[in-house]
Amino acid sequence: MFTGIVQAVGTIVVARPHGDGLRLVVAPGAEFGTADIATGDSIAVSGCCLTVVEKETGAGADRLAFDVSAETLRCTAGLDGTANVNLEKALRLADRLGGHLMTGHVDGVGRVVSMVQVPAAADAPEWSRGSIRFEMEVPPELARFVAAKGSIAVDGVSLTVNGVDGARFHVNLIPHTLAATTLGALAAGARVNLEVDLIARYVDRLAAAAR
């Protein structure tokens, strides 16, 4: 389980064929901290739960290797080449739940429709100045799980939905989120990994059973 609070932005430095998919090697950066990570641990990589298959230790910072299957590559975005990725270690029971409960199982790939600067009111706090309004489109089959004031994970980042219009929703991202995650580098047309709210999935299943 994860919370959607990104701990570091890493870089995929190797993406080579392995089995029916790829072996990814990620340089997590010194701020991520790998001393408590072992082979077999789960890491959310841009919202996708992957298993550490090797921990490469060298003169520089450690690097983490993951095997990504063809099926995972089919239903995700951004894991098929060298790119920056959001990283989060698996949740411990004693951790603060700063975002929302996430499984790291990507439900589908969405698309960034637009990014617009949010005008700041004269009395707006400094931390909110420079916020960006993102509008995103979800696959039609996922639209029913997205609700205003609900939660959604975009590339592994826990976000609050500000509004919904059909298969589109929008969120406001403050400067800190833009700087501390890969979301600040997105542009209109970019593909993103989506995980809908866990509770919404179960409510939908129970409602379907009742019907």
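The values are calculated or read from the model by the stated rules, or taken from the named source; none is laboratory data. This one's a predicted model, so the numbers in the text were calculated from it and none came from an experiment. Virtual Cβ from ideal backbone geometry, glycine too; neighbours counted across all protein chains shown.
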Requested in this report: Just name the residue that is farthest from residue 3 (Cα to Cα) out of those in the range 175-198 that are assigned to a loop (DSSP other than H, G, I, E, B) and not small (Gly, Ala, Ser).
Outcome: 186
Query - Residue within the range 157-169 that is part of a strand (DSSP E or B) and at pLDDT below 95 present - result: no
Query raised in the report: Taking the range 28-49 only, how many residues are under 20 Å from residue 183 (Cα atoms) and in a strand (DSSP E or B)?
Result: 5
Report summary line: Going through the range 31-53 in order, the residues found to be in contact with a strand residue (DSSP E or B) (Cβ under 6 Å, 6 or more places away or on another chain) and either of a type in the set (Phe, Trp, Tyr) or on the phi > 0 side of the Ramachandran plot (or both) are 32, 46, 47
Query raised in the report: Would the range 61-77 turn up any residue that is crowded, with 16+ Cβ neighbours inside 10 Å, touching a residue at least 24 places away in the same chain (Cβ under 8 Å) and closer than 30 Å to residue 149 by Cβ?
Result: yes
Report task. Residue by residue through the range 149-164, note down the ones that are in contact (Cβ under 8 Å) with a residue 60 or more places away in the chain and of a type in the set (A, V, I, L, M, F, W, C). Result -> 153, 154, 157, 159
**Report entry** Given (1) touching a His at 6+ places or on another chain (Cβ under 9 Å); (2) assigned to a helix (DSSP H, G or I); (3) aliphatic (A, V, I, L, M), number of the condition residue 207 does not satisfy
**Finding:** (1)
Report task. Taking the options 81, 58, name whichever one is out of contact with any strand residue (DSSP E or B) (no Cβ under 8 Å at 6 or more places or on another chain), more than 27 Å from residue 143 (Cβ to Cβ) and outside the structural domain of residue 201 (by TED's automatic domain parsing). Result -> 58
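Listed residues 121, 148; which is loosely packed, with under 15 Cβ neighbours inside 10 Å, aliphatic (A, V, I, L, M) and in contact with a Gly (Cβ under 6 Å, 6 or more places away or on another chain)?
Every option except 148 fails the conditions.
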Report task. Please enumerate the residues belonging to the range 165-187 that are of a type in the set (Ser, Thr, Tyr) and either in contact (Cβ under 8 Å) with a residue 24 or more places away in the chain or farther than 20 Å from residue 32 by Cα (or both). Result -> 181, 182
Requested in this report: Tell me which residues, restricted to the range 28-41, are aliphatic (A, V, I, L, M) and surrounded by 18 or more Cβ atoms within 10 Å (Cβ to Cβ).
Outcome: 37
